[in-house]
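What follows is a short report on a single structure.
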Amino acid sequence: MIQITRLDNGLRIITDSMPRMRSISIGIWVRAGSVDETDQEKGLSHFLEHMLFKGSKHFTAREIAQSLESVGGSLNASTGKELSVFTAHVVDEHVEIAVRVLSDLLLYPRLASRDIELERNVILTEINHALEDPEETALDYLYLQLYPDHPMGHLIYGSPKQVKSFKRSDFVRYIKKHYTAGRMVVAAAGNVCHPAFVKMVERAFARLERGNPAPPIESVPSAYPRRMVHTFPTLQQAHIAMGAHLCAYTDQDKYGLLLLDSIFGGGMSSRLFQNIRERYGFAYSIYSFIDLLSTTGVFGIYLGCESAKLNRSVDLLNAELALLYRKKIRRQELDMIKSQAKGSLILGLEGSASRMRRVGENEIYGADHLSVQQVLQKIDRLTLQQMGDLIEKYLNPDKFAHTLIVPQS
């Protein structure tokens with residue numbers, strides 16, 4: 001059901017046909033994010049995401065907002081470390097207007113000076129709000145710690161000083177360099193006809209320059225500070241983020257690592273939840289996560305607790321990691337989490353939005369497009385020995401960084 005076409009200018013178009021549906025989800029995946037910014041551009045990718053919705057050659061900001069909402073659809077966007085993604089979700093009969101609007105945002109942005117000033121204030125408020133969210137701050141600081149003096153550690157929002165410095169010419173230069181066909185994938189899933197969709201996209205993106213593929217990310221630092229403490233005067237609680245480096249998105253280790261994440265801290269039945277939150281009642285929020293990127297990844301852990309219980313919570317987290325590393329996992333755990341993972345995969349891919357994200361992300365990162373059945377087989381074939389090898393390889397407690405966000409005493 002997955003079909004791929006590469007246009008003459010290098011733009012890749014991928015579709016996942018779901019003919020029994022009436023909806024279509026479209027995503028424009030751009031290989032450009034905070035990792036691509038120079039020191040003078042930190043925060044520019046995120047700022048640009050905002051600006052592209054402020055008006056284009058053929059649509060005002062209001063018309064952009066109303067274009068799909070008026071027919072029951074939606075527009076959205078996000079900026080990450082390596083990707084900027086612009087999405088639309090519509091009933092199949094409105095796919096052409098969705099493509100028109102998305103292409104107009106990316107190819108013909110207005111970038112009016114007045115809009116830049118207005119949106120600058122919005123982003124400064126957003127930065128202040130993010131800094132008031134200690135969980136988000138702890139995770140941001142964890143990446144800074146894991147990737148010292150490296151683009152992967154850049155904060156996606158940038159800093160207020162940098163946001164205040166951006167001019168129209170900065171956005172124009174950034175778009176010309178990064179928003180090119182060689183760095184872009186157009187993905188769609190749902191009731192979509194591949195040949196007709198390709199013609200639609202080809203017309204809409206005809207003037208898009210080829211450009212160059214995204215350059216490889218510079219070598220990731222292998223050493224980083226083991227423990228860093230940051231104090232904030234307005235905090236009432238303590239926040240712990242821990243993490244270690246993982247493999248890249250395309251690495252075959254990811255299937256086993258996704259299972260390990262679920263076993264360790266992926267839900268209410270996980271070890272972290274049962275052994276720390278339920279047994280001791282220390283944490284009001286506790287979980288682990290996996291973030292896989294083009295050349296690296298992160299296995300992360302987060303816990304929020306009362307300040308008086310900070311040291312004990314750190315000890316408990318380290319003890320759980322040490323137990324996992326020393327005794328690995330049990331057959332019963334592996335069997336249970338395989339069933340859970342397979343069910344989650346099947347249920348998660350019933351919607352056009354999740355299917356679009358799956359094929360779009362695979363294509364932008366150059367990963368294999370496996371069928372659901374092939375992924376299920378990979379999960380089924382994982383053995384206790386393989387899972388133990390992954391724990392040895394990635395989850396040594398001595399390799400974890402500790403980021404602590406605490407109230408100022």
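The values are calculated or read from the model by the stated rules, or taken from the named source; none is laboratory data. Note that the coordinates shown come from a computational prediction; the quantities given were computed from them, not determined experimentally. Cβ placement follows ideal geometry from the backbone for every residue including glycine, while neighbour counts extend to all protein chains displayed. For the accessible areas, the whole protein counts, side chains as well, though only heavy atoms, and no ligand, DNA or RNA atoms are used. Shrake-Rupley method; radii C 1.70, N 1.55, O 1.52, S 1.80 Å.
Structure above, values below:
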| quantity | calculated |
| --- | --- |
| Single residue of the range 237-263 satisfying the filter (among the acidic types (D, E) and not in a helix (DSSP H, G or I)) that is farthest from M387 (Cα to Cα) | D251 |
| Single match in T125, T137 (criterion: open to solvent by less than 20 Å² (accessible area, probe 1.4 Å), assigned to a helix (DSSP H, G or I) and either among the β-branched types (V, I, T) or within 24 Å of S288 (Cβ to Cβ) (or both)) | T137 |
| From S84, S103, S113, residue being surrounded by fewer than 18 Cβ atoms within 10 Å (Cβ to Cβ) and among the small types (G, A, S) | S113 |
| The range 303-318, residues that are over 19 Å from F264 (Cα atoms) and part of a strand (DSSP E or B) | E306 |
| Qualifying positions in the range 48-57 - open to solvent by less than 10 Å² (accessible area, probe 1.4 Å) and of a type in the set (A, V, I, L, M, F, W, C) | L48, M51, L52 |
| Any pair with Cβ under 6 angstrom, 6 or more apart, that starts in the range 2-26 at a residue that is more than 18 Å from A98 (Cα to Cα) and ends at one that is open to solvent by 30 Å² or more (accessible area, probe 1.4 Å) and at pLDDT 95 or above | I2/H369; R6/R12; L7/E202; P19/N191 |
| Output for the range 352-372, where each listed residue is surrounded by 14 or more Cβ atoms within 10 Å (Cβ to Cβ), more than 16 Å from S23 (Cα to Cα) and polar (S, T, N, Q) | N362 |
| Candidate set: the range 393-409, residues that are open to solvent by 90 Å² or more (accessible area, probe 1.4 Å) and in a helix (DSSP H, G or I); chosen: the one modelled with the highest pLDDT | K393 |
| Number of positions in the range 341-351 that are surrounded by fewer than 17 Cβ atoms within 10 Å (Cβ to Cβ) and either in contact (Cβ under 8 Å) with a residue 12 or more places away in the chain or outside any helix (DSSP H, G or I) (or both) | 4 |
| Within the range 144-161, tally of residues that are touching a Gly at 6+ places or on another chain (Cβ under 6 Å) and hydroxyl-bearing (S, T, Y) | 2 |
| The lone exception for C305 - which of (1) hydrophobic (A, V, I, L, M, F, W, C); (2) at pLDDT below 95; (3) more than 24 Å from L334 (Cα to Cα); (4) open to solvent by 50 Å² or more (accessible area, probe 1.4 Å) it fails | (4) |
| Single residue of the range 264-302 satisfying the filter (assigned to a loop (DSSP other than H, G, I, E, B) and of a type in the set (A, V, I, L, M)) that is surrounded by the most Cβ atoms within 10 Å (Cβ to Cβ) | L293 |
| I337 being among the β-branched types (V, I, T), open to solvent by less than 80 Å² (accessible area, probe 1.4 Å) and outside any helix (DSSP H, G or I) | no |
| Restricting the range 197-246 to residues that are farther than 27 Å from H178 by Cβ and of a type in the set (S, T, N, Q), the residue that is nearest to the chain's Cα centre (by Cα) | S222 |
| Among (1) charged (D, E, K, R); (2) in contact with an Asp or Glu (Cβ under 8 Å, 6 or more places away or on another chain); (3) surrounded by 22 or more Cβ atoms within 10 Å (Cβ to Cβ), the one test that R22 misses | (3) |
| Enumeration of residues in the range 318-334 that are open to solvent by less than 70 Å² (accessible area, probe 1.4 Å) and out of contact with any Leu (no Cβ under 8 Å at 6 or more places or on another chain) | N318, A319, A322, L323, E333 |
| Lone qualifier among T60, T38 - being β-branched (V, I, T) and either at pLDDT 95 or above or open to solvent by less than 10 Å² (accessible area, probe 1.4 Å) (or both) | T60 |
| Residue that is open to solvent by less than 10 Å² (accessible area, probe 1.4 Å), within 18 Å of the chain's Cα centre (by Cα), of a type outside the set (F, W, Y) and at pLDDT 95 or above, where the choices are S78, S45 | S45 |
| Total residues in the range 264-290, condition over 23 Å from the mean Cα position of the chain (by Cα) and under 20 Å from L384 (Cβ atoms) | 2 |
| Every pair of residues 6+ apart whose Cβ atoms lie under 7 Å, when the first sits in the range 145-158 and is more than 11 Å from S45 (Cβ to Cβ) and without any contact (Cβ under 8 Å) to a residue 60 or more places away in the chain while the second is buried (at least 20 other Cβ atoms within 10 Å of the Cβ) and not aliphatic (A, V, I, L, M) | G153/Y143; G153/Y147 |
